[in-house]
1. With θ taken as phi - 60° and the coefficients 6.51, -1.76 and 1.60, list the Karplus ³J(HN,Hα) couplings across the stretch 309-322 in order, rounded to whole Hz; mark glycine and proline as x.
2. Need the full-extension length gain, K313 to W87, defined as separation in residues times 0.36 nm minus the C-alpha distance. One decimal, nm.
3. Putting +1 on Lys and Arg Cβ atoms and -1 on Asp and Glu Cβ atoms, find which of V330, C187, N200 reaches farthest to the positive end of the dipole of the stretch 171-331.
4. Report the charge-dipole magnitude of the stretch 171-331 in Debye, nearest 20, computed about the Cα centre from +1 at each Lys and Arg Cβ and -1 at each Asp and Glu Cβ.
5. What length, rounded to one decimal in nm, is gained on full extension from I334 through to A118, with 0.36 nm per residue of separation minus their alpha-carbon distance?
6. Can you list residues from other chains, or at least 5 along the same chain, whose modelled amide H is less than 5 Å from the amide H of K2?
7. Measuring from label point to label point, each 7 Å out along Cα→Cβ, what is the R101 to K3 span in nm?
8. Kindly provide the GluC sites (Glu not before Pro) of the stretch 106-188 that DSSP labels as loop, not H, G, I, E or B, and whose Cβ sees at most 16 other Cβ atoms within 10 Å.
Amino acid sequence: MKKVFLSFDFYGAGNIGDDLMLEGFLDCFTDSDIGFHCCVPRNFLHQQYRFQKVKFADEKKRFEISKECKIWIGVGDTPVQVKSGDWFINKLESDLEKINRTNPEYYFAGIGAEKEAAERKDTFVKILFNVNHIWTRDKATSDILINDFEISPEKISTSSDLANISLSRIFSDSEDYKSRRYDLGFCYYDEKSEGEDLKNTGSFLKKFRKGKILLFGNEVNKKGNFEYALYEKMFGGINKYLYRNVKIYTPDYFAEVNTEELVRHYSECKTVMTSRYHALLTAAWAGCRVVSMERSSKVTALSEELGIKEIKKPFTPEKLKQGFEEAKVVDRNILLQMFRNASNSISELKKLIDNKL
């Protein structure tokens, strides 16, 4: 069997978007004899259940396993970023040392980049120089890599996010949003959330009179400053609001359930407001009315691609209310084109792999 190493190690940590991207990627290899290997620093039983084409192992075996693979692929996410801290760039630098020792072919598939990462340009350029080819998830990423990081255009192919592949199957037949249970699905995260923005967002939610609200997170972990911690800050103790029109939902991410179970709640929401890239994309495929909340250049770029409104900072209750009113269902043709772009990119990658192995 042909061996390929999946070099990103964040799969299974609790971010649903990561699962959607990985599943979209693997959906394109159902009839392939390629065996994928991935080493992660956490329990991986839930991932092994979902992604049986990947052989997961402990991070301690990373060098031992990866040196047996002639091809490395970084699948999905936003490796060229700094807003969430140095964790990703540090991992990429560590991988670069291993790559220089074993010299595999190195590819990035369906990845994103943020303009904010230009502050670490020299380090990222050193890393990207060693990548043989990059399929980006949107034109904005390609433009950033070419213009801000001066990566050769021949090294870059513009595509779409790999989650479009899995989401097109999961939500192949989304029902009309008007009959759904929740009037507003809300998913908010920002690495640098300001006190006034949180206060005003909480005020908007507490005064929401259009019906029922479902609060959820694309990142399911309640430890750390993710969605659920921000909801506590917004509401100043959320429990007293739960008996009214607000419900909090957390998918059972770490259980042995399939990816469809992790995004089923989108089909219960008429409208989704979010600052999360993959929550926005998932809601669009689920047929919800959608509006985004400004967070970073990647969310802005996706909003433009989907043809929807982005609520700009600073947030006020009035801006958020207007954004809710102006939310709309994304044109299905836009989504289908994104699906085709993503699928075509993996077809190109498969041909390269077959020629190399």
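No value in this document is a laboratory result; all are computed from the given coordinates. Predicted model, so just to flag it, every value in this text is computed and none were measured. With ideal geometry, Cβ positions are generated from the backbone for all residues, glycine too; neighbour counts draw on all protein chains shown.
1. Taking θ as phi minus 60°, the curve returns 6, 10, 7, 8, 6, x, 6, 10, x, 5, 4, 5, 5, 5 Hz for the stretch 309-322.
2. Contour length minus Cα-Cα distance gives 78.7 nm.
3. N200
4. 880 debye
5. 74.8 nm is the gain from fully extending I334 to A118.
6. Here G35 satisfy the definition.
7. 1.5 nm
8. Here the GluC sites (Glu not before Pro) that fit, given the DSSP loop and packing criteria, are E150, E175.
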